[in-house]
Amino acid sequence: MTASPLVRHLIESLVNPFFILLVLLGLSLLLLEFRGNSKLVRTGFLMVLIGFLVFSTGWLPRYVTHKLENEYLLVTRPNPDIHWVVVLGGGHADGNESPANQVLSSVSIKRLVEGVRLYRQLPAAKLLLSGGDDSNGISEAEHLDQVIALFAISPADRVLETGSTNTASQAVAIKKWLQDKPFYLVTSAAHMPRAMELCLRQGLHPIAAPTDFTYYWQDGNWEKIYMPGARNFAYLNIAWHEILGRIWMRGVGWC
């Protein structure tokens, strides 16, 4: 079963924790208007308050983020027998005349740098840069390639996959070059479990090479854990996106 990006994004927005709390707050305000200061209204406002505290303090976002990111370890000593490094794009913008390093998201830059790090340690390796473009402009893979050129990596070692629009289509597309060859799969640590499963479903032989780990809570600033903050909500949203993706992939078939 498949679904258009619009439908999938709409469903994800509707079940987003922040949106759910806003709906609950709106319902509580309506009840306050029509029922007055009743026990039901007070319960509704209390649930909203508890929800905001749970989602905006660091306990839950840190737990679910680390749960996803700890499934695969960082590659410190690459296997020299591996000759392919696949970098999955993590987003870019329409930057008109801006240089590629400005329009690529920070996530994409981190993935690209990790791919280069592995490539430098592998003899006879090639980099496969994966990422299309929904707006029929310059593909993300092309933007990645423009940045790669700054590292003086031979064009012969750079392969571009420009037709994919999401992780599932990336897994299908890269099979054209990789077939049964083992390869290092570079993507964000939180995204890695879903990316690995999608690649394995295509009969590919990925080796997880996670990057872009979330170190937000590891700098000793206690307030990031105990005090409500928008950044905690943002990290929870990233983890929630991956959790939903895995649910749809396994249960509904939407990837």
In the range 148-172, the residues that are surrounded by 19 or more Cβ atoms within 10 Å (Cβ to Cβ) and part of a helix (DSSP H, G or I): Ile148, Thr167, Ala168, Gln170, Ala171
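Within 26 Å of Ala141 (Cβ to Cβ) and assigned by TED's automatic domain parsing to the domain that holds Tyr235, is that true of Glu33?
Working: within 26 Å of Ala141 (Cβ to Cβ): no; assigned by TED's automatic domain parsing to the domain that holds Tyr235: yes.
Judged against the criteria, Glu33 is not a match.
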Filter result for Asp145 (out of contact with any Ser or Thr (no Cβ under 7 Å at 6 or more places or on another chain) and charged (D, E, K, R)): yes
Search result, residues across the range 91-132 that are over 18 Å from Pro210 (Cβ atoms), in contact with a strand residue (DSSP E or B) (Cβ under 8 Å, 6 or more places away or on another chain) and charged (D, E, K, R): Lys126
Options Leu198, Leu236; residue that is part of a helix (DSSP H, G or I) and under 28 Å from Ala124 (Cα atoms): Leu198
Some residue of the range 21-32 being surrounded by fewer than 18 Cβ atoms within 10 Å (Cβ to Cβ) and not in a helix (DSSP H, G or I): no
Qualifying residue in the range 175-188 (condition: among the aliphatic types (A, V, I, L, M), assigned by TED's automatic domain parsing to the domain that holds Val107, crowded, with 19+ Cβ neighbours inside 10 Å and modelled with pLDDT of 95 or more): yes
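So that you can scan it fast, the table gives a plain yes or no per residue for (1) among the polar types (S, T, N, Q); (2) within 19 Å of the chain's Cα centre (by Cα); (3) in the same structural domain as His241 (by TED's automatic domain parsing); (4) surrounded by 13 or more Cβ atoms within 10 Å (Cβ to Cβ):
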| residue | (1), (2), (3), (4) |
| --- | --- |
| Arg62 | no, yes, yes, yes |
| Pro78 | no, no, no, yes |
| Gly89 | no, yes, no, yes |
| His92 | no, yes, no, yes |
| Ser98 | yes, no, no, no |
| Ser106 | yes, yes, no, no |
| Arg117 | no, no, no, yes |
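The values are calculated or read from the model by the stated rules, or taken from the named source; none is laboratory data. Being a predicted model, the structure only gives us computed values, none of them experimental. Positions of Cβ are generated from backbone atoms using ideal geometry, with glycine treated the same way; all protein chains shown enter the neighbour counts.
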